[in-house]
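What follows is a short report on a single structure.
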Amino acid sequence: MAEFRAGATGQQGLDQGLDQGALVLGLESSCDETAAAILRADGTILAEAVLSQLAEHTPYGGVVPEIAARSHLAHLPALVRRVLDAAGTTPAGLAAVAATAGPGLIGGLIVGATLGKGIAISQGIPYVAVNHLEGHALTPRLPGVHPGGLAFPYLLLLLSGGHCQCVLVEGVGRHRRLGTTLDDAVGEAFDKSAKLLGLPWPGGPHLERLAAGGDATRFTLPRPLLGRPGCDFSFSGLKTAVANIVAKGLDEQGRADVAAGFQAAVAATLANRAAHALAMAPGATALVVSGGVAANQGVRAALAGVAARAGLPMVAPPIRLCTDNAVMIAWAGIERLRAGLVDALDHAPRPRWPLSEIGA
Ligand code: KG4
Ligand code: ZN
């Protein structure tokens, strides 16, 4: 087991690297998934659990922060007990705790970070404050995700309901954002367009199913920023175009055609932005696609084409590791611990925490 001691700054320091057999608990509570996982430092997932709050937020058509925070508080402690049992261990068997400390909804972040710190204090083990975006960014390095492992630097397209970013992942704590959305996140655009088409929230998967029976060429939808320099994104114009078509009235086939047209426009836009990003990052070893929208087959196919044309592999972690989960938080914690990084117990959760501000 690795040894940890109090550093000169008062923070706990990592003395001798992380033993490959050391167990790390990961906690995720930044949005509407309550999640806990236990990983061995060699990347083996010993236990993982995710509780979705979907049913609690669905009546409101979106995530209600106060409901989310209360639900994390109600469920996270039992979830931790569950993963400890499943991993055949106890808090005393843990070598470190990693919790999402931002960005996200502050109530949920406080619940997860405080529980993580409490366990760290009670066991005298290090606490790692993980940036949720770095969790997504480092997940493709989890052993088994990409044959032979994934070397830095690689290009990450983070495509979720809350985030839409193009990041060059250069190392632990070293991330260069090459582009971001100027308005809505791509998952948000899926959700808003799906709502306009009368689909339940969150609409992305429903819209994809509807699009399967549609003709993508029937309606001409805008392809925002297509061909412009850089790799920023913009989706609000596309959503407005959907609203304008829907306002004129649509039959069943028409709804499917709009869904297909929307999805094709998003896929084409993302592919164009990704191609630009790869040109901006000539040393990249792979194109990694993550976030809930990475589940979309049309989006995946378009991005796989871009990667193939650049002669690079496209890496898409399994969907359960693309959407919010605690495996990615434990893994990011392991990567940070290996780099000798731990956090002080007075580390305050941050609702806004850009990747550029995390540091190694
Ligand atoms: O990563 P995620 O689970 O949570 C965060 O937003 O952090 O992403 C959820 C988003 C939602 O907007 C959802 O509609 C979208 O991912 N999504 C999809 C699909 N599955 C999930 N969008 C398009 N097609 C899908 N199959
Ligand atoms: Zn996320």
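The values are calculated or read from the model by the stated rules, or taken from the named source; none is laboratory data. Because the structure is predicted, anything quoted here is derived from the model rather than measured. Here the Cβ positions follow ideal geometry from the backbone for every residue, glycine too, while neighbour counts run over all protein chains shown. The area values use the complete protein model at the heavy-atom level, side chains included, leaving out ligands, DNA and RNA. Shrake-Rupley method; radii C 1.70, N 1.55, O 1.52, S 1.80 Å.
Residue check: ASP215 meets all listed conditions (1) modelled with pLDDT under 95; (2) in contact with an Asp or Glu (Cβ under 7 Å, 6 or more places away or on another chain) but one, namely (1). Tell me, please, whether a residue that is hydroxyl-bearing (Ser, Thr, Tyr), within 16 Å of ligand 1 (Cβ to nearest atom) and modelled with pLDDT of 95 or more can be found in region 183-196. Yes, there is a match, as at least one residue in region 183-196 is hydroxyl-bearing (Ser, Thr, Tyr), within 16 Å of ligand 1 (Cβ to nearest atom) and modelled with pLDDT of 95 or more.
When ARG177, ARG223 are checked against the criterion of being within 16 Å of ligand 2 (Cβ to nearest atom) and open to solvent by 20 Å² or more (accessible area, probe 1.4 Å), ARG177 stands alone in meeting it. Comparison of GLY213, GLY108, GLY198, GLY149 shows that the only residue that is within 14 Å of ligand 2 (Cβ to nearest atom), out of contact with any strand residue (DSSP E or B) (no Cβ under 7 Å at 6 or more places or on another chain) and not basic (Lys, Arg) is GLY108. Looking only at residues in region 182-205 that are among the small types (Gly, Ala, Ser) and either farther than 23 Å from GLN165 by Cβ or out of contact with any Asp or Glu (no Cβ under 8 Å at 6 or more places or on another chain) (or both), the one that is surrounded by the most Cβ atoms within 10 Å (Cβ to Cβ) is ALA189. Comparison of GLY144, GLY112, GLY118, GLY124 shows that the only residue that is out of contact with any helix residue (DSSP H, G or I) (no Cβ under 8 Å at 6 or more places or on another chain) and closer than 12 Å to LEU76 by Cβ is GLY118.
State yes or no: is GLU208 of a type outside the set (Val, Ile, Thr) and open to solvent by 50 Å² or more (accessible area, probe 1.4 Å)? So GLU208 does not fit the description; no. Only helices (runs of 4 or more DSSP H) whose full extent lies in region 290-341 are considered here, and the ones with at least 2 residues that are modelled with pLDDT of 95 or more and either open to solvent by 30 Å² or more (accessible area, probe 1.4 Å) or more than 13 Å from ligand 1 (Cβ to nearest atom) (or both) are 297-309, 327-338.
For the condition surrounded by 14 or more Cβ atoms within 10 Å (Cβ to Cβ), modelled with pLDDT under 95 and assigned to a strand (DSSP E or B), GLY17 does not qualify. Condition check: over 19 Å from the mean Cα position of the chain (by Cα), near ligand 1 (Cβ under 10 Å from one of its atoms), among the small types (Gly, Ala, Ser) and not assigned by TED's automatic domain parsing to the domain that holds PRO59. Does ALA241 satisfy that? No; evaluated as a whole, the condition is false for this residue.
Among the residues examined, ALA274 does not qualify as farther than 30 Å from ASP19 by Cβ, within 16 Å of ligand 2 (Cβ to nearest atom) and open to solvent by less than 50 Å² (accessible area, probe 1.4 Å). Can you spot a residue in region 123-142 that is more than 18 Å from VAL80 (Cα to Cα), surrounded by fewer than 24 Cβ atoms within 10 Å (Cβ to Cβ) and more than 16 Å from ligand 2 (Cβ to nearest atom)? Yes. Taken together, the criteria exclude ALA348 from residues that are outside any loop (DSSP other than H, G, I, E, B) and not charged (D, E, K, R).
With respect to the stated conditions, VAL83 fails to be closer than 22 Å to LEU337 by Cβ, touching a Gly at 6+ places or on another chain (Cβ under 7 Å), of a type outside the set (S, T, N, Q) and away from ligand 1 (no atom under 16 Å from the Cβ).
Listed here are the strands (runs of 3 or more DSSP E) enclosed by region 31-122 that have at least 3 residues being within 13 Å of ALA330 (Cβ to Cβ) and open to solvent by less than 50 Å² (accessible area, probe 1.4 Å): 33-40, 94-102.
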